[in-house]
Amino acid sequence: MGLIKTMKDSGKDKWGDYMLKPTMLLTATRTWLQKDGKKVVLIMMIYTPIYLLLMLLTYRQGYENLVSIYGTPDLWLILGIHSIFEVTLIYYLVIFHIALPLLKSKNFKRFVFQTCIFFTVLFAYEYLLNFHVGSPAVKYGMTFEDFLVWHVLVNIAILFIGFSVAIIIEWNAKGKKEKELEKQKNEAELSAIKHQINPHFLFNSLSFIYSKAISNNDEVAPAVLLLSDIMRYALNRNEDKYGKVDVMQEIIHTKNVIKINQMRFNNQLNIRYLEKINNPNARIPPLVLITLVENGFKHGELDDPNHPLTIQIEIDSIKLHWYMCNKKKRGSKEISNGIGLDNVRKRLELVYGIRHQFQIKEDENFYITDLTIDL
């Protein structure tokens with residue numbers, strides 16, 4: 001009984017293997033079509049008009065000439081389909097399975113082996129087709145020696161064209177890869193930069209809220225709310241695929257930064273804020289304006305009513321212009337490593353390149369940031 005059961009199980013497994021083969025073949029075909037189907041179609045689309053043009057040029061030389069080369073009209077379709085599929089297969093193999101692998105791996109031994117095998121098979125196929133099946137070579141009186149020379153020349157042309165196309169494909173792929181790597185690098189840099197923004201501002205705000213909480217001051221609740229809104233914006237922005245947000249969001253939270261700093265100093269700071277927004281739908285990188293404002297609070301002398309912190313922003317359909325001027329603090333100054341402005345500079349360069357100007361002007365008494373962005 002054990003022997004019979006084993007034989008039945010074995011037969012069942014073998015039958016299962018046979019049943020799996022069509023499925024495996026179908027899966028392999030589907031995978032190949034998904035991977036290389038577009039390549040084959042592209043080659044076919046390129047060669048088909050070339051073949052039709054050759055037939056047209058032959059026809060212009062005379063109908064008899066067309067018949068002598070391509071046969072009678074009832075054979076044109078068959079011959080055309082055969083030629084298109086044959087050339088498509090040849091160039092697909094040469095470009096994607098011989099030339100490109102060589103360019104990528106530089107494995108010359110593999111290249112020589114594959115080339116010899118491929119062209120040997122191709123020569124045997126062409127020989128049988130020309131001298132035995134269709135006998136077109138015999139029809140035109142071509143000797144085997146002539147056919148051999150002609151075939152060598154054709155193969156050289158195939159290799160030359162195949163490698164030319166492969167070089168173009170590899171160059172294009174390399175360019176796309178470099179752009180993708182540059183994009184990933186920029187995104188990584190932007191991500192790293194954004195996580196370094198405004199630690200000084202948050203530290204001062206939290207310290208202020210803590211001191212007010214101890215004395216049960218009524219300003220604690222609005223201060224907490226403002227800080228919460230700012231942090232929510234900083235951590236959960238609605239950025240588009242270009243890393244930008246609505247400029248009005250940035251302006252609203254820039255004003256929140258001004259408000260919370262005024263609360264820290266009992267509304268004694270001298271600030272002059274002017275805005276002219278004719279294009280509220282503009283989009284800019286987040287936290288840029290906020291960082292500039294926070295830098296003014298950090299290093300500016302804001303208790304002089306004759307020289308207030310001046311902030312001007314103007315936005316139209318063409319550009320955004322930002323101007324900020326503050327009087328420099330006297331005496332001891334807070335230690336600064338310049339991370340904030342350096343981050344702003346890097347982000348603007350990554351996003352806008354030559355489409356922006358960011359200038360810092362300073363003398364003994366005043367510090368100015370001037371930013372223009374072409375929208």
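For the stretch 231-253, which residues satisfy the criterion of being without any contact (Cβ under 8 Å) to a residue 40 or more places away in the chain, closer than 21 Å to Q312 by Cα and of a type outside the set (D, E)?
Within the stretch 231-253, M248, Q249, I252, H253 qualify.
Quick test for you: out of H321, H307, pick the one residue that is in a loop (DSSP other than H, G, I, E, B), closer than 28 Å to E364 by Cα, open to solvent by 40 Å² or more (accessible area, probe 1.4 Å) and at pLDDT 90 or above. Explain how you work it out, then say what you get.
Details: H321 fails: in a loop (DSSP other than H, G, I, E, B).
Checking each option against the conditions leaves just H307.
Quick one: how many residues across the stretch 166-178 are open to solvent by 50 Å² or more (accessible area, probe 1.4 Å) and under 27 Å from T120 (Cα atoms)?
Number of matching residues: 4.
Taking the criterion of being farther than 21 Å from Y367 by Cβ and either out of contact with any strand residue (DSSP E or B) (no Cβ under 8 Å at 6 or more places or on another chain) or surrounded by 13 or more Cβ atoms within 10 Å (Cβ to Cβ) (or both), would at least one residue in the stretch 330-340 satisfy it?
Initial filter on the stretch 330-340 (farther than 21 Å from Y367 by Cβ): none.
No.
Could you please let me know if N278 is in contact with a Leu (Cβ under 6 Å, 6 or more places away or on another chain), touching a residue at least 24 places away in the same chain (Cβ under 8 Å) and open to solvent by 30 Å² or more (accessible area, probe 1.4 Å)?
Against the criterion (in contact with a Leu (Cβ under 6 Å, 6 or more places away or on another chain), touching a residue at least 24 places away in the same chain (Cβ under 8 Å) and open to solvent by 30 Å² or more (accessible area, probe 1.4 Å)), N278 does not qualify.
So D316 passes all but one of these: (1) modelled with pLDDT of 85 or more; (2) touching a strand residue (DSSP E or B) at 6+ places or on another chain (Cβ under 8 Å); (3) open to solvent by less than 70 Å² (accessible area, probe 1.4 Å). Which condition number does it fail?
(2) is the only condition that D316 fails.
For the stretch 223-247, what are the residues that are more than 13 Å from P285 (Cβ to Cβ), assigned to a helix (DSSP H, G or I) and either among the β-branched types (V, I, T) or open to solvent by 60 Å² or more (accessible area, probe 1.4 Å) (or both)?
Listed by number, the residues that qualify are V224, L225, I230, M231, R232, L235.
To keep it simple, each residue is scored yes or no on (1) farther than 30 Å from F297 by Cα; (2) modelled with pLDDT of 70 or more.
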residue	(1), (2)
G134	yes, no
K139	yes, no
I161	yes, yes
S164	yes, yes
A173	yes, yes
E187	no, no
H195	no, no
N216	no, no
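The values are calculated or read from the model by the stated rules, or taken from the named source; none is laboratory data. Keep in mind the model is a prediction, meaning the values are calculated, not measured. In this analysis, Cβ positions are derived from the backbone assuming ideal geometry, glycine residues included, and neighbour counts consider all displayed protein chains. Quick note on the areas: whole protein, heavy atoms, side chains included, nothing else; ligands and nucleic acids left out. Shrake-Rupley method; radii C 1.70, N 1.55, O 1.52, S 1.80 Å.
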